[in-house]
């Protein structure tokens, strides 16, 4: 029996309006050979309302994972229910251009020796968004370029290969009950590469994700801290030197000073928090 081509695994934490926009873009895909796996981490009925609108447009599986928390747990649960040969992990607020899955399939058919593909993430105006800066050059992904080539919404990986390394590290990622709220996709890709997998970065293909335009309040600053801690944890897991870890933290300190010069004080605090989080995660993660 022929497998579905793509399993799109999405953790749901209650943002139904965002999910509607993503589903609208999936309805408009030129390639229809995919399923959506929704991991519900709520007790509400919002998800059922969205599913009822789109259930006849594409295959949808809803998996209840409450009270489990964290994006990595959600994705691992989804992987266990995936029938697709390839898996992807779109954020609930991203948008797939109509030709994305068709173009991904074309690339994969032409590069059968690869187990993964990463593409660029921008907003609809071609400005970097979810992953910050990403390279404009195509390349094989490795330890020294992973930070500028990998963001989870634009990863497409062979499902069996991801399951072979037991999926995401559930100590990492947004929503975990630790300080290490980021870096889960970076860790996953680095483990795949370290075990011999080949993953390529193609900036000519794009996933759209809105830029953050909200306030840099205490909640946002805490988010920056936890993301930084997660990145630091990944550096420790994969044995990056303290010198290189400090270099990556210093990039955020420079950005913070730039914001101070522009009198954007709260935004400067956000970048300082993320930078110090990287140093803390490098030391404290166990």
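The values are calculated or read from the model by the stated rules, or taken from the named source; none is laboratory data. All values derive from a computational prediction rather than experimental measurement. Methodologically, a virtual Cβ is constructed for each residue, glycine included, from the backbone with ideal geometry; neighbour enumeration extends over all protein chains shown.
Quick notes on this structure:
- Residue match in segment 111-118 (condition: closer than 22 Å to residue 65 by Cα and either touching a helix residue (DSSP H, G or I) at 6+ places or on another chain (Cβ under 8 Å) or not in a strand (DSSP E or B) (or both)): no
- Qualifying residue in segment 147-161 (condition: more than 21 Å from residue 108 (Cα to Cα), part of a loop (DSSP other than H, G, I, E, B) and touching a helix residue (DSSP H, G or I) at 6+ places or on another chain (Cβ under 9 Å)): no
- Failed item, numbered, when residue 203 is tested on (1) under 24 Å from residue 91 (Cα atoms); (2) in a helix (DSSP H, G or I): (2)
- The one condition in (1) at pLDDT 95 or above; (2) over 16 Å from residue 148 (Cβ atoms) that residue 247 fails to fulfil: (2)
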